Amino acid sequence: MKVMKFGGTSVGSPERMKGVAELVTKSEGTTFLVLSAMSGTTNSLVEISNYLYKKNVDGANEVINRLEDNYMEHVEKLYSTDEYKQKTREFLKEEFNYLRSFTKDLFTSFEEKSIVAQGEIMSTNMMANYMQEKGIDAVLLSALDFMRTDKNAEPDPNYIKEKLNKILADNEGHQIYITQGFICRNAYGEVDNLQRGGSDYTASLIGAAIEAEEIQIWTDIDGMHNNDPRVVEKTEAVRQLHFEEAAELAYFGAKILHPTCVQPAKYAGIPVRLKNTMEPEAPGTIIDNVKVRGKIKAVAAKDNIYAIKIKSSRMLLATGFLRKVFEIFESYQTAIDMVATSEVGVSMSIDNDSHLNEIVDELKKYGTVTVDSDMCIICVVGDLDWSNIGFETIATDALKNIPVRMISYGGSNYNISFLIRESDKKRALQALSDTLFNK
């Protein structure tokens, strides 16, 4: 059995839904299909929640009515028989009446999760109805019956595996199994989610639970490119990545893949393939545990970075100084991306400025603090083990005309990172492509 995940753009219109159904039915063997909400739906549901938080019932109802009209138009274009048009209209009417029920009572954060979950519930029901109308042997399984997080809000793989395999045993023999990405229940049984972009995570968790032969992530681009095609000319798809390389690229800005997606597949040894819905014959990118020695694979960029420098003579030969500094970031749940140290100073970068002022105020207890904003991390990924003599020189030489604030090398065998000004990002990415790939 293989897992195929399609994102919101891939199911964003009746025509796209039909295309997905055709792709899935052409696939050999049994398929487990994971779908996101139709593009734009999750944003509308979040907007509804925001109006309800502000007790603006009229605003919420206006968005609900607009979204309902949009979906009813899709029904007319997606189905060819009156039976399935009526069946889907009745389902959608119940869904939107459910959304309207929140306008009558006090609104809570748990109810927001329930509202946002309806996007995936609607898209999967519509797809299941379409496939059944076409005579395809498809069955819909609710992710809320098996996808669960623990008390730390992390997926519970043992629970997922046990519940999902029991559900499959009770529904064996079908060609296609359909479920929702992104949504789940938490440890207390409440409707929750795996955060934005979590449909990739769902697919990977399902693949690991059922020991799938392959997990396919279908998007609107041909695999993961060796640089950002929105910024750089002449990029190409990378045909193979190691799991660690893919994780580094995803964390440092490659938008095609959710950073946490590959972890369950990596531990289960299941390859992940990135495919293009618009060009299904293109080979895409395969992510597995195969390591290609001595090769730089790709470059990615992460924007909206802040660089914080603490300078203090008290740091010289002092024990515990770095621990005190890092504990400040930990107390505000702010992750650090890069670190560089000297005898009397330490520099760090963060991408979350929600507690920046408080962090800076506390750091001033230990030294002089300066902050640089509008920064960008450029990440070069490949087999960058220190035994590959000269690889770091190639990367730094490509940036010889770019001012570099920090360099991180040695923390991983797969990554060397440069902190630069965001205004230099385009020049830096193009220079790296010209040096690393286009020669």
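The values are calculated or read from the model by the stated rules, or taken from the named source; none is laboratory data. Bear in mind that the values here come from a model prediction, so they are computed numbers and not experimental data. Cβ: placed from backbone, ideal geometry, glycine included. Neighbour counts: every protein chain shown. Heavy atoms of the whole protein, side chains included, go into the accessibility calculation; ligands, DNA and RNA do not. Shrake-Rupley method; radii C 1.70, N 1.55, O 1.52, S 1.80 Å.
Size check on segment 234-273: the Cα extents along the three principal axes, sorted descending, read 35, 19, 13 Å.
Across the protein chains, with a 1.4 Å probe defining accessible surface, the residues ARG230, ARG421 rank ARG230, ARG421 from largest area downward. Contact order, relative form, for the chain: 13 percent (alpha carbon pairs under 8 Å, 6 or more residues apart, mean separation divided by residue count).
Considering only protein heavy atoms and a probe of 1.4 Å, how much of the accessible area of the chain is carbon and sulfur, as a whole percent? All intermediate terms of the calculation are to be shown ahead of the outcome.
On the way: 9410 of 20250 Å².
Carbon with sulfur: 46 percent of the solvent-accessible area.
Using just the Cα positions, wrap segment 119-275 in a convex hull and report its mean projected area in square nanometres, one decimal place. That works out to 10.4 nm², a quarter of the Cα hull's surface. Here the chain was treated as a single set of alpha-carbon atoms; its pair distances binned every 10 Å from 0 give 4, 19, 25, 25, 17, 8, 2, 0 percent. Here are some pairs, LYS302/LYS364; LYS309/LYS365; LYS5/LYS113; which of them have Cα atoms lying more than 18 Å apart in this structure? Where the Cα-Cα span goes over 18 Å, the pairs concerned are LYS302/LYS364; LYS5/LYS113. Mean-square fluctuations from a GNM of the chain, with a 10 angstrom spring cutoff on Cα atoms, peak among VAL344, VAL20, VAL232 at VAL344.
Dipole magnitude for the chain: about 980 debye, using +1 per Lys or Arg Cβ and -1 per Asp or Glu Cβ, origin at the Cα centre.
Looking at this model, which pairs from LYS266/LYS291; LYS255/LYS425; LYS291/LYS426; LYS400/LYS425 are more than 19 angstrom apart at the alpha-carbon? Let's see the in-between values first.
Numbers: LYS266/LYS291 13 Å; LYS255/LYS425 16 Å; LYS291/LYS426 29 Å; LYS400/LYS425 14 Å.
From LYS266/LYS291; LYS255/LYS425; LYS291/LYS426; LYS400/LYS425, over 19 Å: LYS291/LYS426.
Averaged per residue, segment 176-247 has 35 square angstrom of accessible surface, using a 1.4 angstrom probe with ligands and nucleic acids left out. To the nearest 10, the accessible area of LEU436 is 40 Å² with a 1.4 Å probe. Taking all protein chains as they are arranged and a probe of 1.4 Å, the heavy atoms of GLU95 leave approximately 20 Å² accessible to solvent. When only Cα pairs below 8 angstrom with a gap of at least 6 residues are kept, segment 336-439 shows a relative contact order of 26 percent. Segment 261-327 and segment 11-52 have their alpha-carbon centroids 28 Å apart. Taking 17 Å as the straight-line reach from the Cα of LYS166, none of the lysines fall in range once those fewer than 8 positions away in the same chain are excluded. Per the Debye formula on identical point scatterers at the alpha carbon atoms of segment 162-225, with no solvent, log10 I(q)/I(0) at q = 0.25 Å⁻¹ is -1.28.
Of the residues ILE308, ILE210, ALA237, the one whose Cα sits farthest toward the positive end of the charge dipole of segment 160-313, with +1 on the Cβ of Lys and Arg and -1 on the Cβ of Asp and Glu, is ILE308. Enclosing the Cα atoms of segment 292-397 in their convex hull gives a volume equal to 136 cubic angstrom per residue.
Starting from the Cα gyration tensor of segment 98-194, take the square roots of the eigenvalues, sort them a ≥ b ≥ c, and report rounded, prolate or oblate (rounded when a/c is under 1.5, otherwise prolate if a/b is larger than b/c, else oblate). Walk me through the numbers on the way to the answer.
Working: a/c = 3.10, a/b = 1.27, b/c = 2.44.
Cα axes put segment 98-194 in the oblate bin.
Among VAL380, VAL360, VAL24, the largest mean-square fluctuation in a Gaussian network model of the chain, built with springs joining Cα atoms closer than 10 Å, belongs to VAL360. Within the same chain, lysines fewer than 8 places from LYS87 are excluded, and of the rest, those with a Cα less than 17 Å from its Cα are LYS77, LYS134.
I want to verify the translational diffusion coefficient of segment 349-439 in µm²/s; compute it with Stokes-Einstein, Rh as the Kirkwood radius over Cα pairs, at 20 °C and 1.002 mPa s. Rounded, D is 145 µm²/s. Each Cα pair under 8 Å and six or more residues apart adds its sequence gap; the mean of these over the residue count of segment 219-361 is a relative contact order of 23 percent.
Residues whose amide H lies under 5 Å from that of PHE32, counting only those 5 or more places away or on a different chain, are LYS2, VAL3, MET4, TYR177; hydrogens are built 1.01 Å from N in the peptide plane. Quick one: Cα centre-to-centre distance for segment 202-231 and segment 346-387, in angstrom? If we compute the Cα centre of each part, the gap is 30 Å. With both labels modelled 7 Å from their Cα along Cα-to-Cβ, the VAL57 to GLU28 distance reads 5.9 nm.
Using 0.36 nm per residue, how much length does the chain from ASP385 to ARG230 gain when fully extended, once their Cα-Cα distance is taken away? Could you put the intermediate results ahead of the total?
Details: separation 155, 0.36 × 155 = 55.80 nm, distance 2.93 nm.
Contour length minus the Cα-Cα distance gives 52.9 nm.
Looking at the chain, send over the antiparallel percent of its DSSP beta bridges, to the nearest 5. Roughly 60 percent of the DSSP beta bridges within the chain come out antiparallel.
Based on the Kirkwood radius over alpha-carbon pairs, what is the Stokes-Einstein translational diffusion coefficient of segment 273-353 at 20 °C with 1.002 mPa s viscosity, in µm²/s?
Details: Rh = 16.7 Å.
D = 129 µm²/s.
Computed over the alpha-carbon pairs of segment 1-101, the distance histogram in 10 Å steps reads 14, 38, 32, 13, 3, 0 percent, short to long. Measuring spread by the Cα atoms of segment 26-177 yields a radius of gyration and Dmax of 17.3, 50 Å.
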